[in-house]
Amino acid sequence: MIVAIAVATNLTVPEIIAAKDYALAEAARPVFGTYGLIFTVGIAILATVSGVLANVFAVSRMTAMLTNMRLIPHSHFGMPGRVQQHMLVYTVVIAIALTLFFDLTRIAAMGVIFYITMDIVVHWGVMHRLRNDVGATLYIVSAALVIDMVVLGAFIFLKASDDIFVVVLTFAAMLFILGGEHFFLKGKDLSDT
């Protein structure tokens, strides 16, 4: 909120709209001049790089764990090293492919749809399969599920009116992943995972 207030007090609404993704850096210009703009852009670059690195390593660790639990497929493709290192390579390759084919707005929209859908599935699983095991309170999980569904529905409605391609592509990717997982896990005994 402090960042939003700082931007709103230094720029008019048309200036914020014109600045788009670099509104914070533009808001630093009236107060600190060109050096403020450069400093803000530099800090934003460092924050973005560190966030990307943290996410890449977190995803590679999580997917390595799922691979070791035999919940997702894995192939070495002739690479030496541990499974986590392979998953790190796969994560980076997927990220590079996404950035080559889509702009940041589309990538973020895909991420939002994937994440909120995953959150809904987790809430549903807790409600229907793990509620007693984890001591979940039904009305809290139900409220979170409803809120997630409302937010996802509103987001998809707005995004579909603006860019239907990214919505269709995201759901096609979800169906591909779901089908692949179904095929991979079919007939496997998962009782020890």
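The values are calculated or read from the model by the stated rules, or taken from the named source; none is laboratory data. Computed from a predicted model, the values in this text were never measured in an experiment. As a convention, Cβ positions derive from the backbone with ideal geometry for all residues, glycine included, and neighbour counts pool all protein chains shown.
How many residues, within the range 153-164, are of a type outside the set (A, V, I, L, M) and touching a residue at least 12 places away in the same chain (Cβ under 8 Å)? Talk me through it step by step, then tell me what you get.
At the first step, the residues of the range 153-164 found to be of a type outside the set (A, V, I, L, M) are 153, 155, 157, 159, 161-163.
Now restrict to residues that are touching a residue at least 12 places away in the same chain (Cβ under 8 Å): 155, 159, 163.
Looking only at that region, the number is 3.
Could you please tell me which pairs satisfy a Cβ distance under 8 Å, a separation of 6+ or placement on different chains, a first residue in the range 1-21 that is in contact (Cβ under 8 Å) with a residue 24 or more places away in the chain and in the same structural domain as G33 (by TED's automatic domain parsing), and a second residue that is acidic (D, E) and part of a helix (DSSP H, G or I)?
none
Name the residue that is nearest to L104 (Cα to Cα), counting only residues in the range 6-18 that are at pLDDT 80 or above and not β-branched (V, I, T).
Step one: filter the range 6-18 for residues at pLDDT 80 or above, giving 7-18.
Right, trim to not β-branched (V, I, T) and you get 8, 10-11, 14-15, 18.
Working: A8: 23, N10: 26, L11: 24, P14: 22, E15: 21, A18: 17 Å.
In this case the residue turns out to be A18.
What are the residues in the range 149-168 that are surrounded by 15 or more Cβ atoms within 10 Å (Cβ to Cβ) and not charged (D, E, K, R), if any? Before you say what the answer is, go through the steps one by one.
To start, the set of residues in the range 149-168 that are surrounded by 15 or more Cβ atoms within 10 Å (Cβ to Cβ) comprises 149, 152, 155-156, 159, 166-167.
Residues satisfying the conditions are M149, L152, F155, I156, V166, V167.
For M62, indicate whether it is exposed (fewer than 13 other Cβ atoms within 10 Å of the Cβ), more than 19 Å from D103 (Cα to Cα) and out of contact with any Gly (no Cβ under 9 Å at 6 or more places or on another chain). Can you show your working first?
On the way: exposed (fewer than 13 other Cβ atoms within 10 Å of the Cβ): no; more than 19 Å from D103 (Cα to Cα): yes; out of contact with any Gly (no Cβ under 9 Å at 6 or more places or on another chain): yes.
No.
Output yes when any residue across the range 108-117 is farther than 19 Å from A173 by Cα and surrounded by 12 or more Cβ atoms within 10 Å (Cβ to Cβ), and no when none is.
No - not one qualifying residue is present in the range 108-117.
Please give the number of the condition L138 fails out of (1) within 15 Å of the chain's Cα centre (by Cα); (2) surrounded by fewer than 15 Cβ atoms within 10 Å (Cβ to Cβ).
(1)
In the range 67-87, is there at least one residue being in the same structural domain as V7 (by TED's automatic domain parsing), within 16 Å of the chain's Cα centre (by Cα) and among the β-branched types (V, I, T)? Reasoning before the result, please.
If we filter the range 67-87 for residues that are in the same structural domain as V7 (by TED's automatic domain parsing), which is where we start, we get 67-87.
The next check asks that each one be within 16 Å of the chain's Cα centre (by Cα); those that pass are none.
No, the conditions are met nowhere in the range 67-87.
Is it the case that the range 162-177 has a residue that's more than 18 Å from the chain's Cα centre (by Cα) and small (G, A, S)?
no
Out of (1) in contact (Cβ under 8 Å) with a residue 60 or more places away in the chain; (2) within 28 Å of V166 (Cα to Cα); (3) not assigned by TED's automatic domain parsing to the domain that holds I177; (4) not hydroxyl-bearing (S, T, Y), what's the single condition that is false for F114?
(3)
Go through the range 19-56 and give me each residue that's of a type in the set (A, V, I, L, M, F, W, C), modelled with pLDDT of 85 or more and more than 26 Å from the chain's Cα centre (by Cα).
Within the range 19-56, I38, F39 qualify.
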